[in-house]
Each structure stands twice: as C-alpha cells, then as structure tokens.
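Colleague: Before we start, here is the structure in question, set down as structure tokens.
The values are calculated or read from the model by the stated rules, or taken from the named source; none is laboratory data. Remember, it's a predicted structure, so these values are computed and weren't measured experimentally. Every residue, glycine among them, receives a Cβ derived from its backbone with ideal geometry; neighbour counts consider all protein chains shown. SASA here: full protein model, heavy atoms, side chains in, ligands and nucleic acids out. Shrake-Rupley method; radii C 1.70, N 1.55, O 1.52, S 1.80 Å.
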Amino acid sequence: MREVTTTAPSSTLTVSSLNRLVRECLEAKFPLTWVGGEISNLTYAASGHVYFSLKDAAAQVRCVMWRSRAQLLGWRLENGQKIEARALVSFYEPRGEFQLNVEAIRRAGQGDLFERFLRLKAQLEAEGLFASAAKRPLPTFPRHLAIVTSPQAAALRDVLSTLHRRAPHIRISLFPTPVQGEGAGEKIAAAIMAASDSACDALILCRGGGSIEDLWAFNEESVARAIRASAIPVVAGVGHETDFTIADFAADQRAPTPTAAAELLSPERSALLARLAELQRHLERRMERTLADQQQKIDWLTSRLIHPAARIEQRRQDTTQLGRRLHQAMLRQTASQQLRLAVLGQRHKAARPQPGKQGEQLAHLHYRLHSQALWKISQQTGKLNALSSGLVQLDPQAVLARGYALAIGPDGRAVRDAAQIASGDALKLSFARGSADVTVNQVVATPEAD
C-alpha cells in the first residue's frame, strides 16, 4: 500500500496540498473497484467526457468517464439506468470533491446472459479447462499465423496492419467465420479446428468491442472446448481491455485488444537485437565486477593465509577461478573463430566464380581484342605498303627496266666512274633481262669539278 506522508502539527497545509494528500491517500487505499448503482445527473460534455452521479437508496457519488474510455463503451448511457462501473476512487482537487474515475461500465447484472456466463465459467473452471498448467507456450519466432475472425471485421485490419509493421515476414492464413449472430459460436469453433489442422504455428482469435450480447458467440461452450482441443496455441484478442469472455479464459493467452494479440505473436526484430545488446553489456559489466570482487577477496585471504588447510582452500579457489577464466577464454576464442569463419565465408562467397558475369566480361574482352587486332593489322599494313613503295623505288632492277645497264668491272664491283677502268678491260653488262660481256676500246674520263 502506498504510504502518505503526514505533516507535523506545527506546520500549516495549503488547501491544494491538503487536497493532493487526500487524493493520494484515496487512490493508494482503493484499487480499481466495481461499484453498482443508478445513473442520474447525466451530462455528455462537448469535450467527449461523460459526467454523472451513481446513486442507490441511501447515497450517491459523483463520477467522470474520460473521452478515451467513453468512446469504447459501445452504447449510450441514460438517466435511470442500473449499471456497474469499474472505477478508481479519487478526489478532484480544484473543487475538493470526492469522485470516481470510471474505466468501464456494464449493465447491472447483465440479465440472463451474465448469469449464463458465470455458470458456464464456473463449470469449465471446475473441469480444469482454464488451468494454467494446460496453457501452451506461445512460439517465440512464429513463421505462419492463423487468424479466425470475420473478413469484414475492423479488428482484422488492425491485426494485419500490426503484423505487417512488426514482422512482415510472417505468413498469414485467414479462416473466415461470422463473429456475431445465430450459430456464430459453432462456426467459430469449426474455424478454430480447421486452423488447428493447418501448418500454422499459432492462432489469433479476434473481434472488436461490443456489448455482452455482441460478444456472446465467444462465450459459447463449443468455442471454449475447440480452443482447448486446438493443436496450436491460441491467443484471444476479443473486444476491448475491459471485455472478458469465456474464450479469453480458455485461450493460452488473453490480449486486451486484437492489436495487442498481434503484438504478442510478432516480436519486433529491432527491439530483440537492442535487448540482446543491452543484456550482453550488463553481463560483461557484471562479470567484470564479479571477477574484480573475487580477486580482491582472494588477495585479502592470501594476506591472512597461514594454516595449510587454508592454503589448500586457496588453491582450490584459484583453480575454480582459473577454470572460469579458461571457460570464458574458450568462449571468447570460439566466438572469435566463428566471426573469422563468417568473414571467410563472406570472402569466399565474394571470390566465388560467377560464370554469367565472367562470360559477359570475356565477350567484352574478345570484342576489344578483335577491334585492337584489326586496328593493329591496318596500321602495320599501311607501314608495309609504305616500305614496299620505298623498296620499289630503290630496286636496281626497276632502274634497269628503264633502259639502263649495270657495269661490273674486272674486280667484280659496280663501275661508277670511268676512271675505274682502262682500255682493254673486260666488263660485264647486266640489263633488265639478261647480260653481256664487253671489252673496253676507249675510256673517256670526265674531269673533276674544281
């Protein structure tokens, strides 16, 4: 229970301080409580809040229901109605008024339906249908979820939106069924059994809020027994946070809303990774602190060690400590090798041949080689043609073809100057076609220029 600090008699409280202490005392003393009575002085404010008095034959109390709660009510309050309000006892400080902050409202007794609900709940509870030991654990990382609801239900859109946002990888199978009206309970039970026979990991049973009449299909015995007979875990997200049905008690886990049911079965990957990192840091700090404390203790004991038995105990502690350190070192080494193996795996994957890509590269290189070869051949052909032209011009045979002759002297050398020969020398004349041997009769030498 929350403690309220009292003030010494010598001090003086302000009115606001007194009212605050009264409110804190009331809210700490009284938990959420169901209060029954008749509505009077009902007012629907423009802000959406609802104000009224709850009275019986002897007394009355002011009540307020905030807009966020009033919007979930599903029916309109009227003066004179008999209701039961789930409320927090509080105190309105500005006016110094005692009041109830209403969280939820139900019609008083709920008539025959509410009595049937209580009888069936008591019966099934006595059979052990709601026992905690029979509840199945939810899968930590589900891959395939079944949803049993009406395809037109607004709750279905909320569930699908939540699953897509938190865990888009999860496969979803819808098992459509009416969730209200005559025979809806049997159809819901049949849909649950159909989902149970599927390959799904878990089942979400969901529907939006409403009155006890609207939600009565989920209070049927057949639905409760189908939930317990299901081969897969069932999460019930039926109605609003304040709505309770037999299906909620029979399910492996109850969610306050359909959206909350989807959140229970869709762990957020980023949150898991962040939590894992936080736990790792906490573990490292705790291990370091523990190791330091133990080392300090060992040092202190060592300084006081005298008896051999104590020395043996010290050695045993040292051995235990070294064993822990060895174990941690092995864990670190294993983690390091696993990381190295992962890096090598990535490098191997990156270095692995890629035939398609290398084929394209080979075709490109072949094209470049062919183009380069053609260009080189063209370049060398041009050079060859130029050299051929030069050789043709220097070819002595071409000169002879123009009517000239090549004179070879007695020494076997070409005669370039008449002064190289004398009268009577034998010469050999070579023509473009054939040759002739001649004898020099007369030599006419050309004088050298001054």
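Yes/no matrix, rows are residues, columns are (1) over 31 Å from the mean Cα position of the chain (by Cα); (2) among the polar types (S, T, N, Q):
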position	(1), (2)
SER336	no, yes
GLY345	no, no
GLN358	yes, yes
LEU365	yes, no
GLY382	yes, no
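Colleague: Any residue in region 271-293 that is under 16 Å from ARG324 (Cβ atoms) sitting within a Cβ distance under 6 Å of a residue that is surrounded by 10 or more Cβ atoms within 10 Å (Cβ to Cβ) and of a type in the set (Ser, Thr, Tyr)? List the pairs, counting only those 6 or more apart or interchain.
Modeller: Listed pairs, sorted by first residue: none to list.
Colleague: Let me ask you something else. Can you work out which of the residues in region 47-80 that are in contact with a Lys or Arg (Cβ under 9 Å, 6 or more places away or on another chain) and small (Gly, Ala, Ser) is least open to solvent (accessible area, probe 1.4 Å)? Spell out how you get there, then give the answer.
Modeller: Within region 47-80, the first condition is being in contact with a Lys or Arg (Cβ under 9 Å, 6 or more places away or on another chain), and the residues that meet it are 47-54, 61, 75.
Those still in the list that are small (Gly, Ala, Ser) too: 47-48, 53.
Numbers: SER47: 52, GLY48: 25, SER53: 2 Å².
Across region 47-80, the extreme among qualifying residues is SER53.
Colleague: Next question. Touching a residue at least 40 places away in the same chain (Cβ under 8 Å), part of a loop (DSSP other than H, G, I, E, B) and surrounded by 13 or more Cβ atoms within 10 Å (Cβ to Cβ): does that describe CYS206?
Modeller: Values: touching a residue at least 40 places away in the same chain (Cβ under 8 Å): yes; part of a loop (DSSP other than H, G, I, E, B): no; surrounded by 13 or more Cβ atoms within 10 Å (Cβ to Cβ): yes.
Judged against the criteria, CYS206 is not a match.
Colleague: Could you say which residue among ALA191, ALA195 is at pLDDT 90 or above, touching a Pro at 6+ places or on another chain (Cβ under 9 Å), in a helix (DSSP H, G or I) and among the small types (Gly, Ala, Ser)?
Modeller: Exactly one residue qualifies, and that residue is ALA191.
Colleague: Further question on the same structure: Here are some conditions: (1) of a type in the set (Gly, Ala, Ser); (2) touching a Leu at 6+ places or on another chain (Cβ under 8 Å); (3) without any contact (Cβ under 8 Å) to a residue 60 or more places away in the chain. SER68 meets all but one. Which one does it not meet?
Modeller: In the conditions (1) of a type in the set (Gly, Ala, Ser); (2) touching a Leu at 6+ places or on another chain (Cβ under 8 Å); (3) without any contact (Cβ under 8 Å) to a residue 60 or more places away in the chain, SER68 misses (2) alone.
Colleague: List the strands (runs of 3 or more DSSP E) inside region 335-450, counting only whole elements, that have at least 3 residues being touching a strand residue (DSSP E or B) at 6+ places or on another chain (Cβ under 9 Å) and open to solvent by 50 Å² or more (accessible area, probe 1.4 Å). I'd like the intermediate steps shown before the answer.
Modeller: Working: elements: 406-408, 426-430, 435-439.
Counting at least 3 such residues, we get 435-439.
Table: residues versus (1) open to solvent by less than 30 Å² (accessible area, probe 1.4 Å); (2) under 20 Å from ASP197 (Cβ atoms); (3) outside any helix (DSSP H, G or I).
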residue	(1), (2), (3)
PHE218	yes, no, no
ILE227	yes, yes, no
GLY237	yes, no, yes
ALA260	yes, no, no
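Colleague: Note down all Cβ pairs under 6 Å where the first residue falls in region 419-432 and is farther than 22 Å from GLN397 by Cα, the second is assigned to a strand (DSSP E or B) and not hydrophobic (A, V, I, L, M, F, W, C), and they're at least six residues apart or on different chains.
Modeller: If the second residue must be assigned to a strand (DSSP E or B) and not hydrophobic (A, V, I, L, M, F, W, C), the pairs left are ALA426/THR439.
Colleague: What's the number of the only condition in (1) in contact (Cβ under 8 Å) with a residue 12 or more places away in the chain; (2) more than 30 Å from SER161 (Cα to Cα) that ALA335 fails to meet?
Modeller: (1)
Colleague: Checking the condition open to solvent by less than 20 Å² (accessible area, probe 1.4 Å) and either more than 16 Å from ALA224 (Cα to Cα) or not polar (S, T, N, Q) (or both), which residue from PRO137, PRO142, PRO151, PRO176 passes? Quick ask: steps written out before the conclusion?
Modeller: Working: PRO137 fails: open to solvent by less than 20 Å² (accessible area, probe 1.4 Å); PRO151 fails: open to solvent by less than 20 Å² (accessible area, probe 1.4 Å); PRO176 fails: open to solvent by less than 20 Å² (accessible area, probe 1.4 Å).
One residue alone meets the criteria, PRO142.
Colleague: Okay, moving on. If PRO258 meets every condition in (1) of a type outside the set (A, V, I, L, M, F, W, C); (2) closer than 25 Å to GLN123 by Cα; (3) at pLDDT 90 or above apart from one, which number is that one?
Modeller: All conditions pass for PRO258, except number (2).
Colleague: For residues that are open to solvent by 50 Å² or more (accessible area, probe 1.4 Å), in contact (Cβ under 8 Å) with a residue 40 or more places away in the chain and touching a strand residue (DSSP E or B) at 6+ places or on another chain (Cβ under 8 Å), tally how many sit in region 242-255. Steps first, answer last, please.
Modeller: Initial filter on region 242-255 (open to solvent by 50 Å² or more (accessible area, probe 1.4 Å)): 244, 249, 253-254.
Next, only the ones that are in contact (Cβ under 8 Å) with a residue 40 or more places away in the chain stay: 249, 253.
Now narrow it down to the ones that are touching a strand residue (DSSP E or B) at 6+ places or on another chain (Cβ under 8 Å): 253.
Within region 242-255, residues that are open to solvent by 50 Å² or more (accessible area, probe 1.4 Å), in contact (Cβ under 8 Å) with a residue 40 or more places away in the chain and touching a strand residue (DSSP E or B) at 6+ places or on another chain (Cβ under 8 Å) number 1.
Colleague: For region 130-176, give me each residue that is assigned to a strand (DSSP E or B), in contact with an Asp or Glu (Cβ under 8 Å, 6 or more places away or on another chain) and more than 19 Å from ALA251 (Cβ to Cβ). Quick ask: steps written out before the conclusion?
Modeller: If we filter region 130-176 for residues that are assigned to a strand (DSSP E or B), which is where we start, we get 144-149, 171-176.
Right, trim to in contact with an Asp or Glu (Cβ under 8 Å, 6 or more places away or on another chain) and you get 144-145.
Selection gives nothing.
Colleague: Quick one: in region 106-129, which of the residues that are over 23 Å from ASP243 (Cβ atoms) and in a loop (DSSP other than H, G, I, E, B) is least open to solvent (accessible area, probe 1.4 Å)? Quick ask: steps written out before the conclusion?
Modeller: In the first step, residues of region 106-129 are kept if they are over 23 Å from ASP243 (Cβ atoms); the result is 126-128.
After this cut, where a residue has to be in a loop (DSSP other than H, G, I, E, B) as well, the list is 127-128.
Numbers: GLU127: 98, GLY128: 32 Å².
Restricting to residues being over 23 Å from ASP243 (Cβ atoms) and in a loop (DSSP other than H, G, I, E, B), the top hit is GLY128.
Colleague: Give me the pairs, please: first residue somewhere in region 117-143 and among the aliphatic types (A, V, I, L, M), second residue anywhere and open to solvent by less than 50 Å² (accessible area, probe 1.4 Å) and part of a loop (DSSP other than H, G, I, E, B), beta-carbon distance under 7 Å, and either six or more positions apart or on two chains.
Modeller: Matching pairs, first to second residue: LEU124/PHE130; ALA134/GLY128; LEU138/PRO233; LEU138/ASP252; LEU138/LEU265.
Colleague: Go through region 79-105 and report how many residues are of a type in the set (S, T, N, Q) and assigned to a loop (DSSP other than H, G, I, E, B). Full working, then the answer.
Modeller: Filtering region 79-105 down to residues of a type in the set (S, T, N, Q) leaves 79, 81, 90, 99, 101.
Filter once more, keeping what is assigned to a loop (DSSP other than H, G, I, E, B): 79, 81.
Selection size over region 79-105: 2.
Colleague: Can you tell me which residues in region 179-188 are open to solvent by 70 Å² or more (accessible area, probe 1.4 Å) and at pLDDT 90 or above?
Modeller: To start, the set of residues in region 179-188 that are open to solvent by 70 Å² or more (accessible area, probe 1.4 Å) comprises 180, 182, 186-187.
Result: GLU186, LYS187.
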